[in-house]
Every structure is written in structure tokens, then in C-alpha cells.
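Visitor: Shown below is the structure under consideration.
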């Protein structure tokens, strides 16, 4: 079938809305009519750095309605409302022990541009077009493996739910699945974007005593306070480490670093008390550390967390339930854009105007 998609033809290239052919779903796959899709920093990184072969249809926070089932699909039906999340094999040791975010073939399945069987589902003429994160949700339709499709509650606005598939589950999952902070502990979230704000909401859910948001945008710090931060720090105006030590009477039990900025990573480590743990979730390049002074001497830990160490088919419905209870109001992060406003959505995200843009692509009806 012919669909409309935002195609990127070259590294750092534009998003071009054009016609693309989408093949039928194969064994274990489903056809999803995309209703909406979140705009994530990972899409921008993929476009700028060329993480997947070009041409490519990016987008990896899609939500939609199942229109067709391929052979051997179980547990899903036509008409189901679904969120699409990251691809994983489902059979390696990490997948089988509840850690699909570190699937042994994660990079191949999410960035390699092809499906499990090595073939393309997207094409233009004789040329294959790469699929991204096993979904390519910057399109009116997507063919997705049933493993990375999550059935969700039909009573919740489907257009709102796409970001649960990546950015929001990354922040919340880092707290709820990996760090699991003790009741009454002190935590700081460095970076109050969609990932960081989701972590703040999750830290409130588990009962952290001090939840400190650190950012350079006052509007985001104001929102962080509304969502559960007990303290906010604008790092342009204060010595963050010194202030955190004052607030916490000695330092943090936990830190979540979502900016990927090396100097901020060091701040997060220095703000920890002995035996504290810093979770790195931002895309971070080369960083110089004094291992003795920054980590070992006080028994600190620095860990990497991908996609919140989540099992999406378990975790995303839990987040939806928290949202319905009013305990996880992630809708406050969102601003909607039409599909043809994709460039503006990316610009507003980059400039800090919008925390989490969502593109409206189709209708849930």
C-alpha cells in the first residue's frame, strides 16, 4: 500500500513528506494506522549522525490502531489501540531475563534499517527505505513486530500515549525499574526535559523526600515544581553541587543525568554522598573522570540505563494506570502539532519552547 511518510534522504537532511510503499505484514507482524507520534531527541541524533542507513523514515514513539494482522500473531486484534516501542529479539538471554533494553541485537533491530528477517517493509521504487526502531512512526501507517507493540486502554486519548514508548518510559523507568530509590531518600534530576520530568513524577510516586530539579530554563523548573520537585536549581545562577549538599545535608542518594553534557555529568557525580548512585540516560560523548576522586574513594556508582530498563508490555500499561489515577500527569509535558508541522515541532523542542511535541498523524476513529 502507498502511505505518506516523512523521509530523510541524507545525513542532516530535511524531513520530506512524500509517498512511500509499505509492504504487507509478515509472520508475527501487524499493520498499525498511526494516530500520533512523539518527537524525541533520539530522532534528531539519528538524523544528524546517520545512525540508520539513508533514506530512512524516523519516528519511534508512535501510537495507533491495528488494522491488519500478519500470520501467527497472538494476543492482538484488529481495532486494538497500541503504543509502539523499541524492537528486541525476545529470545536472547537479556530478553528472556526481563531486560529487552539490552537485547543482544538491539542496535541491529533498532538502527539497522531492516526487519527481523533482513528485508525492508518500506520502499520507493526499487530502493529500500530504512525502518527506525522497528516502527518508523513518522508515517501514516507502520508495520511492526508484535513484540514491540503494547496494547493500551481504549478509554485514554490514544494521541497522547506515543511518548510512553521511549522518552517517558526512559525517565520513569530509570526510577521505578532500575534505581528503585528508598522511601525518604534524596534524588536530583539533571535536565528537566521530557525524560527528566518523567523521572521527577516517578520519584514522587515512590516517596523520595527531596526531589531536586536542575536545568537552565526557568519555565521547565516551574513545571518541575508543579510535577513533584521539592527544590529547583538553575545551574546558570548557582553552584549546583554546593546547593545540593546544603539542601540534602551532605549529598544525594541518587542522581539521574539526562543532558549528556560532560560538565553536568561531573556535577551529578560530585553531588552524590558516599555510596550514592548516578544513572546516565542522556547520550553522552567522551568524558574525563578522576576515578579515584569522582567514584572509588567514596564508593559511588555510575550506571547506564537504556529505555528505563523497561519491559514495555508490562511497564507502559502501568504508567497509563498511574496517569488515570492522576499520579503521573505526563499530559502536562505535551504540545500537539499537525504532521506537516514536523519541522516546527523539532525546532520548538530544540529551543525549549515545548517539552514533548506530539505530531497528530491520523484519527483513532
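The values are calculated or read from the model by the stated rules, or taken from the named source; none is laboratory data. What you see is a predicted model, and the numbers here were worked out from it, not measured in a lab. Glycine gets a Cβ as well: all are built from the backbone with ideal geometry, and neighbour counts include every protein chain shown.
Visitor: Taking residue 217, is it surrounded by fewer than 24 Cβ atoms within 10 Å (Cβ to Cβ) and at pLDDT below 95?
Guide: Numbers: surrounded by fewer than 24 Cβ atoms within 10 Å (Cβ to Cβ): yes; at pLDDT below 95: yes.
Spelling it out, residue 217 is indeed surrounded by fewer than 24 Cβ atoms within 10 Å (Cβ to Cβ) and at pLDDT below 95.
Visitor: Quick check on region 7-24. Is at least one of its residues surrounded by 23 or more Cβ atoms within 10 Å (Cβ to Cβ), touching a residue at least 24 places away in the same chain (Cβ under 8 Å) and either on the phi > 0 side of the Ramachandran plot or in contact with a helix residue (DSSP H, G or I) (Cβ under 8 Å, 6 or more places away or on another chain) (or both)?
Guide: yes
Visitor: For region 295-312, give me each residue that is in a loop (DSSP other than H, G, I, E, B) and within 16 Å of the chain's Cα centre (by Cα).
Guide: Filtering region 295-312 down to residues in a loop (DSSP other than H, G, I, E, B) leaves 295, 299-300, 305-306, 310-311.
Result: 305, 306, 310, 311.
Visitor: Restricting attention to region 313-329, does a residue exist that is within 26 Å of residue 15 (Cβ to Cβ) and either in a helix (DSSP H, G or I) or in contact (Cβ under 8 Å) with a residue 60 or more places away in the chain (or both)? Please lay out each step first, then the result.
Guide: Of the residues in region 313-329, the ones within 26 Å of residue 15 (Cβ to Cβ) are none.
Looking through region 313-329, none of the residues is within 26 Å of residue 15 (Cβ to Cβ) and either in a helix (DSSP H, G or I) or in contact (Cβ under 8 Å) with a residue 60 or more places away in the chain (or both).
Visitor: Let me ask something else about it. Identify the residue in region 222-239 that is without any contact (Cβ under 8 Å) to a residue 60 or more places away in the chain and in contact with a helix residue (DSSP H, G or I) (Cβ under 7 Å, 6 or more places away or on another chain) and, among all such residues, is farthest from residue 202 (Cα to Cα). Step through it out loud before you land on a result.
Guide: Taking region 222-239 first, the residues without any contact (Cβ under 8 Å) to a residue 60 or more places away in the chain are 222, 224-225, 228-239.
With the extra rule that they be in contact with a helix residue (DSSP H, G or I) (Cβ under 7 Å, 6 or more places away or on another chain), the set shrinks to 224, 228-229, 231-234.
On the way: 224: 12, 228: 9, 229: 11, 231: 16, 232: 16, 233: 19, 234: 21 Å.
Out of the qualifying residues, it is 234.
Visitor: Could you list, in sequence order, the residues of region 330-365 that are in a helix (DSSP H, G or I), at pLDDT 95 or above, crowded, with 17+ Cβ neighbours inside 10 Å and in contact with a helix residue (DSSP H, G or I) (Cβ under 8 Å, 6 or more places away or on another chain)?
Guide: 330, 333, 346
Visitor: Take the residues of region 240-259 that are in a loop (DSSP other than H, G, I, E, B) and touching a helix residue (DSSP H, G or I) at 6+ places or on another chain (Cβ under 9 Å): which is nearest to residue 182 (Cα to Cα)?
Guide: The qualifying residue nearest to residue 182 (Cα to Cα) is 251.
Visitor: Looking only at region 47-61, how many residues end up being part of a loop (DSSP other than H, G, I, E, B) and either touching a residue at least 40 places away in the same chain (Cβ under 8 Å) or under 14 Å from residue 345 (Cβ atoms) (or both)? So that I can check it myself, show each step before the final result.
Guide: We begin by selecting, within region 47-61, every residue part of a loop (DSSP other than H, G, I, E, B); these are 50-55, 58-61.
Keeping just the survivors that are either touching a residue at least 40 places away in the same chain (Cβ under 8 Å) or under 14 Å from residue 345 (Cβ atoms) (or both) gives 51-55, 58-61.
Looking only at that region, the number is 9.
Visitor: Got a number for residues in region 246-261 being under 20 Å from the mean Cα position of the chain (by Cα) and under 13 Å from residue 208 (Cβ atoms)?
Guide: In the first step, residues of region 246-261 are kept if they are under 20 Å from the mean Cα position of the chain (by Cα); the result is 255-261.
If we keep only those that are under 13 Å from residue 208 (Cβ atoms) as well, we get 255-256.
Residues flagged as under 20 Å from the mean Cα position of the chain (by Cα) and under 13 Å from residue 208 (Cβ atoms) within region 246-261 amount to 2.
Visitor: Filter region 207-221 down to residues that are free of Cβ contacts under 8 Å to residues at least 60 places away in the same chain and closer than 19 Å to residue 328 by Cβ, then give me how many there are.
Guide: Of region 207-221, the ones free of Cβ contacts under 8 Å to residues at least 60 places away in the same chain are 207-216, 218, 221.
Of the ones still in play, those that are also closer than 19 Å to residue 328 by Cβ are 207-208, 211, 213.
Summing the residues that are free of Cβ contacts under 8 Å to residues at least 60 places away in the same chain and closer than 19 Å to residue 328 by Cβ in region 207-221 gives 4.
Visitor: Further question on the same structure: When you go through 83, 78 one by one, which is the residue that is at pLDDT 95 or above and closer than 29 Å to residue 44 by Cα?
Guide: 83 is the lone residue from the list that is at pLDDT 95 or above and closer than 29 Å to residue 44 by Cα.
Visitor: To continue, here is another question. Are there helices (runs of 4 or more DSSP H) fully within region 82-176 with at least 1 residues that are touching a strand residue (DSSP E or B) at 6+ places or on another chain (Cβ under 9 Å) and either crowded, with 19+ Cβ neighbours inside 10 Å or in contact (Cβ under 8 Å) with a residue 60 or more places away in the chain (or both)? List them.
Guide: Working: elements: 93-96, 106-111, 167-173.
Once the helices (runs of 4 or more DSSP H) in region 82-176 are filtered for at least 1 residues that are touching a strand residue (DSSP E or B) at 6+ places or on another chain (Cβ under 9 Å) and either crowded, with 19+ Cβ neighbours inside 10 Å or in contact (Cβ under 8 Å) with a residue 60 or more places away in the chain (or both), what remains is 106-111, 167-173.
Visitor: Given (1) touching a strand residue (DSSP E or B) at 6+ places or on another chain (Cβ under 9 Å); (2) at pLDDT below 95; (3) surrounded by 15 or more Cβ atoms within 10 Å (Cβ to Cβ), identify the lone condition not met by residue 42.
Guide: Tallying (1) touching a strand residue (DSSP E or B) at 6+ places or on another chain (Cβ under 9 Å); (2) at pLDDT below 95; (3) surrounded by 15 or more Cβ atoms within 10 Å (Cβ to Cβ), residue 42 fails exactly one: (1).
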